[in-house]
Structures are given as structure tokens and as C-alpha cells.
1. Any idea which residue in segment C:588-611 is nearest to the chain's Cα centre (by Cα), counting only those that are of a type in the set (Lys, Arg) and either surrounded by 18 or more Cβ atoms within 10 Å (Cβ to Cβ) or farther than 30 Å from C:GLN649 by Cβ (or both)?
2. With respect to C:ILE118, determine if the residue is within 30 Å of C:THR694 (Cβ to Cβ) and outside any loop (DSSP other than H, G, I, E, B).
3. Does C:VAL336 qualify as being away from chain A (no Cβ under 14 Å), surrounded by 17 or more Cβ atoms within 10 Å (Cβ to Cβ) and touching a residue at least 12 places away in the same chain (Cβ under 8 Å)?
4. What residue, among those in segment C:269-288 that are in a loop (DSSP other than H, G, I, E, B) and surrounded by 16 or more Cβ atoms within 10 Å (Cβ to Cβ), is farthest from the other protein chains (Cβ to nearest Cβ)?
5. Failed condition for C:THR298, given (1) out of contact with any helix residue (DSSP H, G or I) (no Cβ under 6 Å at 6 or more places or on another chain); (2) surrounded by 20 or more Cβ atoms within 10 Å (Cβ to Cβ); (3) among the hydroxyl-bearing types (Ser, Thr, Tyr); (4) closer than 30 Å to C:TYR715 by Cα, with all others met?
6. Residues that are within 26 Å of the chain's Cα centre (by Cα) and either polar (S, T, N, Q) or modelled with pLDDT under 95 (or both): does segment C:242-255 have at least one?
7. Yes or no: C:ALA190 surrounded by fewer than 19 Cβ atoms within 10 Å (Cβ to Cβ) and small (Gly, Ala, Ser)?
8. Looking only at segment C:418-429, count every residue that is more than 10 Å from chain B (Cβ to nearest Cβ) and either among the hydrophobic types (A, V, I, L, M, F, W, C) or without any contact (Cβ under 8 Å) to a residue 40 or more places away in the chain (or both) and tell me the total.
Amino acid sequence: MTKGKQGSVMVVGGGIAGIQAALDAANSGFYVYLVEKSPGIGGVMAQLDKTFPTNDCSM
Amino acid sequence: MPLNFKNRDDDMEKEIFEPRIIAFMCNWCTYGAADLAGVNRMQYPPNIRPIRVMCSATVSPHHILRGFQSGADGILVGG
Amino acid sequence: MDVDKCIACGTCADKCPQKVDDEYNERLQKRKAIYVPYPQTVPLKYAIDPEHCIFIKKGKCGACEKFCPSGAINFKDMEKEITLKVGSIILAPGFKSFDPSQHDTYGYANLANVITAIEFERILSATGPCMGHLVLPTEFNKPHPTGPKKIAWLQCVGSRDMNRCDNGYCSSICCMYAVKQSLMAKDHSATPLDCAIFYMDIRTQGKDFDRYYENAKKKGVRFIRSRIHSIAPVVGTDGLLLRYVEEKGASVEESFDMVILSTGIEMHPDTITLSKRLGIDLDHYHFVQSDSFHPVATSVPGIYACGAFTGPKDIPQSVMEASAAACSATERLAEVRDTQTKKIETIPERDVSREPIRVGVFVCNCGINIGGVVNVKEVVKYAMSLPNVVYVEENLFTCSQDTQDKMTELINEKGLNRVVVAACTPRTHEVLFQETLINAGLNKYLFEMANIRNHDSWVHANDPDAATKKAKDLVRMAVAKACLLSPLQEMGLPVTKSALVIGGGIAGMTAALSLARQGYPVHLLEKAESLGGHAKRLYQTFKGESIASFLEDLIREVKIEDRITVHMNTTIAHVDGFIGNFNTEIETTSGKKRIEHGVAILACGAKEYQPKEYLYGEHASVMTNLDLDDLLKIEDPRIKQAHNVAFIQCVGSRDETHPYCSKVCCTHSIKNALEIKKRNPEANIHIFYRDIRTYGVREDLYREARKQGILFFRYEPNEKPIVRHDGDSVQIAFKDHVLDRTLSIHVDILCLATAIVSYHDQGLAQSFKVPLDSDGWFLEAHQKLRPVDFANDGVFVCGMAHYPKPIEESIAQAQAAASRALTVLTMDSIKVGGVTAHIESDLCSGCLACLNVCPFKAITFNHRKGVAEVNQALCKGCGACIAACPSEAAVLMGFNNKQLYAQIKAAFAA
């Protein structure tokens, strides 16, 4: 069954969820293609000033 | 009370006093913030000499005293 | 744009004549047609916006191409289609913020001071158009803005609304972000600021969210339970008028300077199109149709989903689902692991211990970023005069590939054994240059950077002389440190390729199965005599799936899985070791034994609060939701015979003893109420609540319950319903807020929605060196970004041990914990060493100061030698022990005191 299986994963969307999924897949031995339509990753989270409930800087 | 630098050096009274500051910057926050200040082209006086440390918790009184010994007028610990 | 050539100097954007609305700042300011979305963008490379580029649109201009110092811009470049073969796909397309322009009664389109929450985020942000100053949109261009004095937030704009839009769901995040924004706004305001939040139910159901809400109330944020219909301008001013009905029924008019619409989230039309193309089933709100037991699966095998795409959720939940998706997506691919990744070749390291110090300095112009301000030639000349410096070179771009190749040659040719690069920041470029040292056969720690761009030329652009002087000082400091650098070794410790999972409930079993299916042996510990945990008593999920049948399957799968060893009636006696190398003593009925494991997952669950109030245990009609689930399962005749049924919410939750929301009880009660209604349509059902927290698509259940005539009565914590014996039934007396009088009803079944409380398992926490919070939940490493990790590497948490949560969230978190554990188990070895602390035993007096300050519990006391010792695998290199040590016995490798003193001494030695 191994034949034809690809040891790679495509992640669509470079927001916080996409980034985390890409990191975990890559760090467990799979080649990852992270696809994002804008010129930078980060998504909506990068626009936020602070995050609740810790008031940490979103960046 | 404002700091009084008057009796520091005789030369000092003749020219405008420019303090010399050593800044111990935590790699994970202050150092990065200072990097970003650059990215945003924020302008500030050139009196600071930064020293990168891995955490502000590593800065001990020894470091601060050595800083004053080497001629610093002020020390900033950022973390 | 050639991203390998772009050095992100910004010259192109500077020269670009085309101004465009900046989406990152919600169009509150302009950017150029060639741009980086924001200063911290990854990758930090400029991009051309083809929609607005004059050259692409009209064929003229090309200013950026002309001025780019590194030749990165190529207008001949065309869009390309690339075909990739992949094993599986994870969709994380995110969401779009609801556009309130369609609500004409809010006047968002024409009232300047009515803005959306995401726009307000940009206003509050230090990197936003107002530099973090609280400014009214009508004052944007005024030199001395006064800022708002009164701000109102309107909740549920584009959420829980089937009239003005089709978003019947709760967006789950708006209550919390509105509370946060109100607190931040108060913080940012120079003068006292009045903040009012108009809401229907405050939904702060997450970990520590209720405390945050209570804190906001204490800080004077006003919470007004009213849904605002319209916003009117105050004639002759920029003010905004809100009309609302107070709880007692009085009509009030109040004006505000600014109104923020707490807009919900919805799916982007592009996401819906993409799903259709891929054949993925979406629900009636366009979220992924998934079942509770497979939270990240889609209807197409091999395609997984996470984040807001599977339903409205906050950041921690998105991060958990992302990890869960990574784990699920690679499960089928376990046998082809490591087939497409590349191994790094190692080059033998040169022994420099007997060589005289030979420092090489590379000074970067960074195009004109440094060279345009700092006199680089002068810095180069100065560097040459410094002790031990044998070679200095000026580069246009030190980071470019050709310079790296040249640097590798020069290191060997000139016999350099310390390298200093004076350029940008080590935070982005240290790794790159260290790579070059490795390629040249030098230990990567023989490297130091002088930050003459971010900390110098960019911030002293108007004072070239001072910038040049500072650059020299920085180079001198770097060289002084470099002379004292010594090679640091990183050691690889082996990884025990097996896991220990503690807790045989749904979370523990899910995590164990995930790891086993990825090919790793698992020891599953359960303290009771059977698997299943509290889920054994649950009746159905909020989507109506049977939990019993799922649980049966899950237990069977665990039992037949060869790689899982189940240990029943077992507890933890003692834990030794660290990431990759744990050695745990377990205690079973047959005695103690030791297990070696590389990772541990804590999934030890929580328990139901046993109420002392409302006649629980004293009257047969009073029960908890779990008791009611039992009755529903066995089809107890009391369900069909009941005339009146009541639920009391928040029993033991959101009070002084348990100041948190148990998250699942509102949904559980409403689901059970609907089930009773289905079996016994004549029953009158009353639900006494404080806030109904049917977050996400659970809101459909709440709407359905109201439609079916289930009655909801709100109570205040200081006016709780009073329950009395009344023969076979119980009497409930309660205050009706609309009528403003006390009413009473008699019910045959009174169900208490009891809290979920932690085991406060301090012993387990101490064994694994992980913390508990004040409510007894395991405290993760970072509430947002590392929701299943601990600061102590190799230990993970999932399920109710972390916080109360419904089944689908427990499963997602369990898969996430497995995913994080896999990143350890798949490693060849654990790298230890590098920048870590070391204690010189000759100097150590055994005072334990270091042991007490170490945040990672990496220091132990060697009783035999009478000295403290650092475990290299646990040390994170913060150096807190260095400051604590009175005899300078503690040393941080790569940042030792000698090196720091040299830097300090060199700072003003010119």
C-alpha cells in the first residue's frame, strides 16, 4: 500500500491554524506545502492588537 | 527630584551633557521591540549601547555595577 | 518579485507612486502598490499588488524595478500553475469579518464614528494608523485629537440574527473581544473613559474568561442587557444616540462618541467555492459538516479542516484543531514518514582550541539601508584597528548567497576562527550566518552580530555622525565578546519511542489510538477498573449522536490495538527523567513496575460537582444532568409522565468557589430539555439561567428550544431560585424580571446543571513538574499558542484535565496532544546543550539560590557532592540562575559573565 502514497501534506491558509498545522506536520516527518493567497502569513491574528484573556501582544 | 549631574565632570558644564546608557535587552521581547522600532523607522537619541541577553532575569547587580564602572551614566534593563 | 533577491529595504515602496487602501489596517490608511502587509510580515519580502500596479495595469512606470538595489523585480515574471502531489490536504481558510454596511439602521456606511471591532483593533494597535492612541475617526486628521469620552459596543452584529442576515449561530469570540477592547481602550485613554457593552448574553465560557469579565465589571465597564436596534446621529455634533430599554422596562436615550459594532465571523465566498470544488459538505451556515467524534475530518477522505472553517472559535481552539488536523492528516501516511523530507549533511568541525584568536569582521551596507546613513568605509577601517581582528570586509549585502559562499572560503583561506557580522538583527539572521560557519567547518557559536541597522542606521537616520560612532562602538563590543567565545557542543540524547497516556476516558483513549496508529507503542493508564470515564454516563452530543455507541467502538479499538498496553486500576507512583527519556514507576493492584517512555499525555479528566443546594440528595425529583442522562437512556417512565420539568443552570459554576463557567451545561440542559419535549410534548419546561451560553452553532438548539415553548427565566446570583419539598414534587420560587414579582411553580423533575470540577491533582502535577491553576486545571505553556504543551517539554495535556469542554473539543485536543507528542517521538535525538547554564562545581557553595529561581526546574541538588547541577535537557538558557548565584558559579554558555563584562567594558572604551 505504501506505493503511491506521498509523504507530503498541503496546508491551505496561512493563518494561525494553518501555521500550526504546517509546523506539526513538518516536525513529524512530512514535507509541507503551505499555501497562502496574500503576500504574508499570519491571517487575522496578525491584525489584532492584544489577545484575551492574557492581554498578550498578538504578534 | 530631577537627577543632578552637575558635579560629574568639569568638562561637562561646558558642553551639553549627553548621558551614556547601557541597555540590557531580553532577546525575546525588548531586543525584538528595539528591532521593530527600527523597522518602523522610529527615531531616538543615539546614546544607547545595547547588550543582548537571553532573559532580563540574568542581569545581576554585578552587570549593573560593571556598567557604571565602565562609564555609563544610566543602565536600562528591558525584559 | 524574486524573493531570494529582495532584501526588504523598502526602496521600491518609497518610489512607488501608487497609493492604495491598506487592508491590513482595515483601510484606515494607505499603502503602496508594492508593499509588505505589515512590518513583521513573514516572509519579509515586498510584493506587487497586480490590481493596482500602474505598470501591470497600464504598461508604464516601473519605478520599483529601476530603483531596486538588488535587482529583485522582474515584470516579465508571469503567474504560473504548479501541480503538486500530496498525501493529504488540510484546509485552514479562516473567516471574514461580517460586513455591517447592509444594516442601514446602524449607519456604518455613513456615520464616521461607527466602526467595526476589527477596525478598532487597528486603532488600538501601536503599529496601526493612530500609533495606539485612542482617536475618533472624525479626528483622524486633526493635530490635537481629544479622543472619545464614551464608547459603546453593540454585540451580536451579524451573529444570532436570522432577520437581518442568515447568521443564526453565535460567533463565540465577540463577547470576549469586546470585553478586552473595553479594558484596552480604558488603558489607552488619557482621560477617564466610559465603556458600555450592549449584549444579550455574555458568553465568556473559555478558560479564565469569566474572571476576565468579572474584572472588567470591577473596572467600571458597564454591561447593559439590551439589543440595540438603531444608531442615530446627534444633530449638530459627531455624537451618536442609542435608545434602549432598561431591564426594569424604562426607555433610555444615551449618547456616545463612538460606537463599535462587535461583528461576527462568517465564511468567505471564496472558501465556499473552494469547498464546492473539492466536494466538501458544508452545513447550512457554510461551516464544514463534521460529526462530533471526528472534529477535523471532512466528507472527503484525505481532506481535513481546522480553525474557523469548522465553526466559530477562538485562537486556542483553532490552534488545537490545527494540531489535531496535522495528526489526523498524517495518520494514513505514517508508513511514508520521512520519505520526502531532507536530512542535513554534517561537515566535520575544525578544532580551534589551540589556534590564536583570528577574528573576521563583515560589515554590511544593506544596500543603502546602512550605507546610506553610516559611513561603512570608516567602520571597516576602525574594525581593522581592533585587537585580534585579522580580516575586515565591506559587503553590499552580507546575507546574499554569493557573499555566504565567499565567507565560507574566506574563513578557511584566512584561518578565521571567530566571525563578526555587522548588519541587521541576530533575531532574523543569526541562524543564516551560523549555517555558513557550519559549512566552513566552524562551531556555530563562534559567531557574533553587531546590529548596526535596526538599532542604528534606521533609528538615527538624521544623525549620520552619531550613527557611525555608534556603529563603531557596536562593532567594538561585538569583537570584544567574539574574542572570548568558545565552541559550544550540542549533544544528541536518544528518544524512547513510546508514550504514556494517563487517563482512560475519551480524551486519553483518543490520544492513545492516534499515537498507536502513527506507529508508536502506548501505555494507557486508568485508575478505575474500566475504560470510558464520565462519558459512560452521557446520553448524546449536542448534534444528537449517541455517545454510548461511539464509546463502545472506541473501547473496542483500544483493546484490539496491538501497540496499546492498557493498565487498569493503576496510578503513578514516581516520575524520573525528561523529554524523550522518562522513567515512570506505576502502581497497580499487583505491585509496582517501571515504564520507559519518551512523552507523557495527561488526560485525567474532571468530575461532576456534587451539589449541596436545591435539595439534591434529599428529594427524589432533584437530579443532575448526568442523572437525567441515565433516565433518558433507560427510557425511565418519569420522563413521559412529568407535567412540569425545570433546569437550574450554573449550580456550582460562576460562584466564589468555582469562579469559572463549566462550558457544557447550557447546551446539555437545552439538549435534554428538547429530548424530553420530543418524548413528552405536553411537558412544561422551565430553564433558570444567568446567561445562555450556547456558543457557535449550538445557538440553533437555543432557538429551537424557544420555538418549542421551553420557557427561560433569568436569575441573578443574589436572587437564586428557592426550592422546597412539596410531596412527590418540588416547588420552585423565583423572581420574574419582566413582571418584577416572585412566582412559583411545582415540578416533577428538577435537573441541576452542575459544575465540572477538577481533581486538583497536585501529586501528578508535581511528578511531571507541571503547574495547576487556582481552579486545579492543568496550566498549559501558553493559553493562546501552546494550548496542549507545558513549559516542561515532552509533557502534554488534553480533555477536561485542562478545562471543562464538550466531547468534540476533547477529541480535538486529544488529537492535538498526540500531534505535539509526535513531534518529539519522530525525532532521531533530543538536542541538548548550546546556550544553556552550567554550574562550576568548584565555585558552588550549595546555597540553592539557583534552584529556587529556575523557572524550568532544570537544577537539582547533588547531595553527595553538595553542589547544584543543571540538567541540560531541561535548561532553556534564560540565565536566571546566573543573576541569583552569589559566587558566579553559574555560567550561561555563550553569554557568560566574562563575555558580558567585555561587552560592557567595550561599550564606552573609544
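1. Residue satisfying both the conditions and the ranking: C:ARG594.
2. Numbers: within 30 Å of C:THR694 (Cβ to Cβ): yes; outside any loop (DSSP other than H, G, I, E, B): yes.
The answer is yes for C:ILE118.
3. Here the answer is no, as C:VAL336 does not meet what is asked.
4. First, pick out the residues of segment C:269-288 that are in a loop (DSSP other than H, G, I, E, B): C:279-281, C:283-287.
Restricting the remaining residues to those that are surrounded by 16 or more Cβ atoms within 10 Å (Cβ to Cβ) gives C:280, C:285-287.
Numbers: C:ILE280: 11, C:TYR285: 18, C:HIS286: 15, C:PHE287: 14 Å.
Residue satisfying both the conditions and the ranking: C:TYR285.
5. Result: C:THR298 fails condition (4) only.
6. no
7. Taking the combined requirement at face value, the residue satisfies it.
8. 6
The values are calculated or read from the model by the stated rules, or taken from the named source; none is laboratory data. If you're wondering where the values come from, they're calculated on a predicted model, not measured in any experiment. Because the Cβ atoms are built from the backbone with ideal geometry, glycine has one as well, and the counts that use them run over all protein chains shown.
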